[in-house]
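For reference, the structure is listed below as structure tokens.
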Amino acid sequence: MSLSSYLSFLVFAVALVLVPGPDFAVVTKNTLAAGRLRGAWSAGGVASSNALQGTAAAAGLGAVVVRMQPVLQAIKWAGVAYLIVLGVQALRSAVHGRYAPLPDGRGHQPGAALGGWRQGFLSNITNPKVLVFYLAVLPQFMRPGAGLGALLVLALSHAALSLTYLLLLTTGLSRARRVLARRRVRRGLDAATGVALLGFSARLATQPT
């Protein structure tokens, strides 16, 4: 893999990472609801899933899963259901409008790390489009006969870019917490997040796999 090919991939990956999707919505939801710590762990869950799927694709396992249509369909519909659950939870929160004071996100919060990581990981791992992306796009930036190492470099670079962007997102949101602590603002954000998550679930459900 040449340096120019790698730089071209980085430009493509940055553009892809910046497009809001389910991962963006989940990290935003967790940061606003429970603070920077939970949001950061959600970002870590997304990046962990990206690294896992990228490694599987590079090793050839991803192609096997994609050829197993029932498995791919099961993953897809699990992702649809999970996004619906998160979307409904956000909308219910917006309707009820009952909010405890926002945590500062700096101290230890029981379950914040595991809960945030789990939601980030599940939102990404249940989206079969991520695995298909690695299988379809990575080879476009490789020379014929490229080895496993080069594929892993691309896959893990994408995961690192995703983590960096989502951590920057959590930092920006946490700095705006005084404004976001207002009940009317929080209800609006919950409503917008819920609608976005339901929209992503509908898009995932209607896209062919």
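Nothing in this text is a laboratory measurement; each read-out follows from the coordinates by a stated rule. Please read all numbers here as calculations on a predicted model, not as lab measurements. No Cβ is skipped: glycine too gets one built from the backbone with ideal geometry, and neighbour counts run over all protein chains shown.
Summary table
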quantity	calculated
Per-peptide average of other Cβ atoms within 10 Å, ordering 75-85, 154-164, 48-58 highest first	48-58, 154-164, 75-85
Phi to ³J(HN,Hα) by Karplus 6.51 cos²θ - 1.76 cosθ + 1.60 over the range 30-37, Hz, x for Gly, Pro	5, 5, 5, 7, 9, x, 5, 4
About the Cα centre, charge dipole magnitude for the range 3-206 (Lys/Arg +1, Asp/Glu -1 at Cβ), debye	840 debye
Segment V11-V64, extension gain: residue separation times 0.36 nm, minus the distance between their alpha carbons	16.2 nm
Linear extension gain, A160 paired with S4, 0.36 nm per residue minus alpha-carbon span	54.2 nm
Added length on full extension, which subtracts the Cα-Cα distance from 0.36 nm per residue, V195 to T171	6.3 nm
Paramagnetic reach from Q140 (point 7 Å along Cα→Cβ, amide N under 18 Å) across the range 11-27	11-20
